[in-house]
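Here's the structure we're looking at; comments come further down.
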């Protein structure tokens, strides 16, 4: 087994069976993209960033409250998937807890400014504000932030 692999290469077991599909195990939570890059790239991990037919997602929500919230939720989801196979990685779990706290704060900020994102956000409302205009995509979000 080659122990000199970088983050873009996984490791196979020493005696991997012939003619059997096998996905190499991701070695580490590092390196990783920042949350807005992860959302844009579709993965938290640069080693898994393999754009289909070299088409790069150029959508940019950076600097918007909704973009921040989406990026944090995406990173939390990616870390949970990573922890499914690396449950003993305490650094990744600490990172997940930190991201979840940031996401909770960002969600509260967003709801206060723009209204509910999901039904549970209505718990703190004084009235039914689900259909209150303008909708999130109607805001000039970069100037509102």
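Key figures
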quantity	calculated
FRET efficiency for residue 127 and residue 100, using Cβ-Cβ distance with R0 set to 41 Å, rounded to 0.05	0.90
Order of 64, 43 under a 10 Å beta carbon neighbour criterion, fewest first	43, 64
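Only the coordinates and a few stated rules stand behind these numbers; no lab work does. Because the structure is a prediction, the values reported are computed rather than measured. Here the Cβ is made from the backbone with ideal geometry for all residues, glycine too, and neighbour counts use every protein chain on show.
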